[in-house]
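Values in this text are rule-based calculations from the coordinates and carry no lab data. Remember, it's a predicted structure, so these values are computed and weren't measured experimentally. Cβ placement follows ideal geometry from the backbone for every residue including glycine, while neighbour counts extend to all protein chains displayed.
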Amino acid sequence: MKYIQWTIMDDDNFDLIVIGGSANGSQAAYIAAKNKLNVAIIEEHDFIGLPEHCSGLFSYSGLNQLNSMPPDDIIFNKNIYGANIVSPNGKIFSVRKSDPHAIVCDRAAFDKFLLNRAKDEGAKVYQPYKAMKAKRSNNMIYLDIRSKKGDTISLSSPLVISGEGIRGSIANQLGLTPPPKNKFVNAAQFYMDDLNEINQEMVEVYQTQKYAPDFFAWIIPMTNTTAKIGLGTSRKSAAKELEMVIKEHEILKNRCKGSDITRVTAGRIPITGPIKKTYADNLMLVGDVAGQTKPTTGGGVVLGGLAGQIAGQIAVQCKLKNRYDSNFLKIYQKKWKKEMYSNLKRMLLVRNYMNNLSDFDVNILFNKLENKGIIQDIENLGHIDNQGVIVKKFMRTLSLYPFYFRTSFKLLKSFF
């Protein structure tokens with residue numbers, strides 16, 4: 001058995017180590033470094049943001065809340081007004097805001113923008129280095145990181161913020177339990193050119209258990225002829241399912257006729273909802289590893305980024321008070337839960353409920369949603385990042401009660 005020798009040098013000792021240099025980790029590092037903490041960021045990939053795991057669809061309000069609006073040169077589309085949601089039988093349910101609600105950007109470039117912002121504040125980036133082993137001793141975390149060439153460096157800090165993603169290896173080693181691995185969907189996304197009849201102001205969402213069980217397919221327009229077309233599924237091969245739905249689904253088939261695939265991305269989307277505990281002695285978890293992603297859509301840049309900024313603020317307080325114990329760090333969980341917990345739990349209920357519905361059930365639900373008052377409620381209250389508000393409204397909408405009663409067993413299953 002090979003043992004790692006933990007040797008500590010002054011240059012390798014930091015006030016804070018952040019694992020993961022993408023959006024959520026960089027938000028934490030930026031806040032801490034801006035407040036003069038000595039911060040190290042560990043990023044395992046050669047190029048930040050690659051492989052790409054996200055659609056790059058972000059709300060204006062979310063980006064403004066994070067003070068993280070990307071520069072114009074990495075934005076594909078500034079004018080997303082809403083979504084056309086397509087039922088299994090092809091009925092289209094449109095929700096449109098009066099003003100642009102979201103942007104579509106280059107996700108890899110967005111991650112680079114956030115990482116560079118943290119670097120500009122003084123954070124030191126180890127790239128490409130992977131966090132391998134961690135141990136806790138004498139109120140310190142000792143972290144072994146390894147480059148692709150096999151070089152090993154040992155770092156130390158009284159505090160680690162882990163934004164390591166769904167793998168959760170370091171979280172496990174330090175006593176926290178990441179999201180269960182059976183609560184993910186596999187996703188694939190094609191960048192496509194020369195598409196037909198693309199409305200560049202509206203995202204398209206396709207609800208179909210036939211092609212995308214336990215999730216959905218999507219079109220996210222970049223221009224009126226280019227888009228990101230993707231699919232999430234509980235089946236193993238998302239790319240094959242995406243190829244199939246493009247060939248067979250009547251609307252998607254027409255959209256993609258004569259088009260070209262210019263890039264393929266793939267990944268896993270967590271739909272677990274938040275984990276029970278996101279802090280321990282000398283440790284906070286942010287983003288996917290904490291379950292801070294929307295179970296309805298898998299998006300986590302805004303909510304995970306907000307949690308990252310909260311963690312960065314707590315790191316500053318830890319330094320000021322010289323407190324790194326779990327009794328002090330529990331304030332992190334209290335703060336992020338206040339911001340998003342009820343929202344995440346309501347979205348998890350919706351995800352579980354939709355996963356239990358058949359395509360036949362969804363077709364009936366879409367007929368119910370044609371009620372003009374319901375559409376107005378969604379347009380007035382609906383929000384990409386705060387979907388829990390409209391969920392709460394739906395649960396109190398009397399006209400939907402017959403549908404809830406008809407699917408009551410499936411609704412009850414959603415709570416467990």
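Treating cross-link reach as a plain straight distance, find the aspartates and glutamates whose alpha-carbon is under 17 Å from the alpha-carbon of K112, omitting any fewer than eight places away in the same chain.
E43, E44, D46, E52, D72, D73, D120, E121, E164
For a distance above 36 Å, tell me the whole-number percent of Cα pairs in the chain that qualify. Each step should come with its number before you reach the end.
On the way: 23030 of 86320 pairs.
Above the 36 Å cut-off, the chain has 27 percent of its Cα pairs.
Do any GluC sites (Glu not before Pro) in the stretch 113-203 lie in a loop, going by DSSP, with at most 13 other beta-carbon atoms within 10 Å of their beta carbon, and if so which? Walk me through the numbers before you get to the answer.
Details: sites: E121, E164, E197, E201; in loops: E121, E164, E197, E201.
Taking the stretch 113-203 and a limit of 13 other Cβ atoms within 10 Å, the loop GluC sites (Glu not before Pro) found are E197.
Taking θ = phi - 60°, what integer Hz values does the Karplus form 6.51 cos²θ - 1.76 cosθ + 1.60 yield along the stretch 14-29, in sequence order, with x for Gly and Pro?
10, 5, 8, 10, 10, 9, x, x, 7, 3, 6, x, 5, 5, 5, 5
Ranked by Cβ crowding within 10 angstrom, fewest neighbours first, how are Y353, Y341 ordered?
In order of increasing Cβ crowding within 10 Å: Y341, Y353.
Return the subset of K236/K294; K148/K181; K183/K330; K135/K276; K124/K240; K133/K240 for which the Cα-Cα distance in this structure is over 29 Å, preserving the input order.
K124/K240; K133/K240
Return one number: the angle in degrees, 0 to 90 and rounded to the nearest 10, between the long axis of the Cα atoms of helix 372-381 and the longest principal axis of the Cα atoms of the chain.
Taking Cα atoms only, the helix is inclined about 20 degrees.
Find which of A266, G299, Q309 sits farthest along the positive direction of the dipole of the stretch 219-313, computed with +1 on the beta-carbon of Lys and Arg, -1 on that of Asp and Glu, about the Cα centre.
Result: A266.
Pick out, in residue order, every one of the trypsin sites (Lys or Arg not before Pro) in the stretch 255-332 that is DSSP loop and has at most 16 other C-beta atoms within 10 Å; say none if there are none.
In loop regions of the stretch 255-332 (DSSP not H, G, I, E or B), the sparsely surrounded trypsin sites (Lys or Arg not before Pro) are K257, K276, K277, R323.
Taking a temperature of 25 °C and a viscosity of 0.890 mPa s, what whole-number D in µm²/s does Stokes-Einstein yield for the stretch 117-244 with Rh from Kirkwood over alpha carbon pairs?
The estimated diffusion coefficient comes to 134 µm²/s.
Which log10 I(q)/I(0) values, to two decimals, does the stretch 150-217 give at q = 0.14, 0.29 Å⁻¹ under the Debye formula with one point per Cα?
Debye intensities relative to I(0), on a log10 scale: -0.75, -1.33.
What percent does the relative contact order of the chain come to when contacts are Cα pairs within less than 8 Å and at least six residues apart? Don't skip to the answer; put the middle values down first.
Values: 917 pairs, mean separation 76.3, N = 416.
Reported relative contact order: 18 percent.
Would you work out the relative contact order for the stretch 247-337, in percent, from Cα pairs under 8 angstrom that are 6 or more residues apart? Before the final figure, lay out each step's value.
On the way: 93 pairs, mean separation 25.0, N = 91.
Answer for the stretch 247-337 is 27 percent.
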